[in-house]
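The values are calculated or read from the model by the stated rules, or taken from the named source; none is laboratory data. Note that this is a predicted model, so its numbers are computed, not measured. Reconstructed Cβ throughout: ideal geometry from the backbone, glycine too, with neighbour counts over all protein chains shown. All accessible areas refer to the heavy atoms of the entire protein, side chains included, with ligands and DNA or RNA removed. Shrake-Rupley method; radii C 1.70, N 1.55, O 1.52, S 1.80 Å.
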Amino acid sequence: MIIILLTIILYTPLGIALHVSQPYRVEGKAEYVPLHCLFRSKLRPEEMQVSLYRGLHGQERICSAYVNMSEPYFTTDGTVHCRGNISSGRVDMVIYGLKGEDTDIYRCEVEILYPPPYLSKVGNGTVVYIQDTRNCSTAFTQGQSHRQISEWSSVSNDAGPLPLLYAILIITSCIFILQIMKMIWKRRDTGSMALMASQKDSYSKF
C-alpha cells in the first residue's frame, strides 16, 4: 500500500508534464500534407511511439511508428503512410495517400516509452484539408474542351461562305466560257454564209 502511494505521489507530477499541441488547420496538395505536433515533457525521452488518428473522437489509426531518439526518422507502410522525424519537442511528418474525401480532423498521440514512467498524451486535433487534384484536372479538361469546341465553331463559321464563293466563281467562269464559245460559233456561221453567197454569185456569172 505504501509503495502504491509513493508511486502515485512521485509519478503524478510527471504524468501531467506531457503536453501535446497541434496547429488548428493545414492544407495539403497532390495527395500529401505536412503536419507537425509539438510536445513538452520534463522527461528527456529516449524511446517514443508516435501515432496519428483520424476523427475528433474515433480510434481510426492512420499511422503509427516506434522511434528511438538515436535515429529519430520514421516511415510507415500502407496506402496512407507517414514519414517524419522527431527533434527538440517537435514531431514533423508528411502524410501520403490522402485524397479530397479524406479531409477531416487528425490527432497526434505521443507516447514516451523510456525512461519510465510511461506517459501518453493526445493532441487537440488539426483540420487537414486536402485539395483533390483530379477535380482540378477535370475542370481544366472541360474548360479546354469548351475552348476547342468554340474554336472549331468559329473556324466553321469563318469557312462557311467559302464554298458558296467557290461555286459562284465556277458558275461565272462557265458562263463566260460559254459566251466566248457562242461568239466563236456565230462568227463561224457568219463566215460560212458569206462564202456560200459568194459562190452563188460566181455560179450565176457562168
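Before moving on, here are some points about what is shown:
- Annotation: of all residues in the stretch 138-161 being hydrophobic (A, V, I, L, M, F, W, C) and open to solvent by 80 Å² or more (accessible area, probe 1.4 Å), the one that is modelled with the lowest pLDDT is VAL155.
- The single condition from (1) among the charged types (D, E, K, R); (2) out of contact with any Lys or Arg (no Cβ under 6 Å at 6 or more places or on another chain); (3) surrounded by fewer than 19 Cβ atoms within 10 Å (Cβ to Cβ) that ARG107 fails is (3).
- Comparison of LEU14, LEU18 shows that the only residue that is buried (at least 17 other Cβ atoms within 10 Å of the Cβ), at pLDDT below 95, in contact with a Lys or Arg (Cβ under 7 Å, 6 or more places away or on another chain) and not polar (S, T, N, Q) is LEU18.
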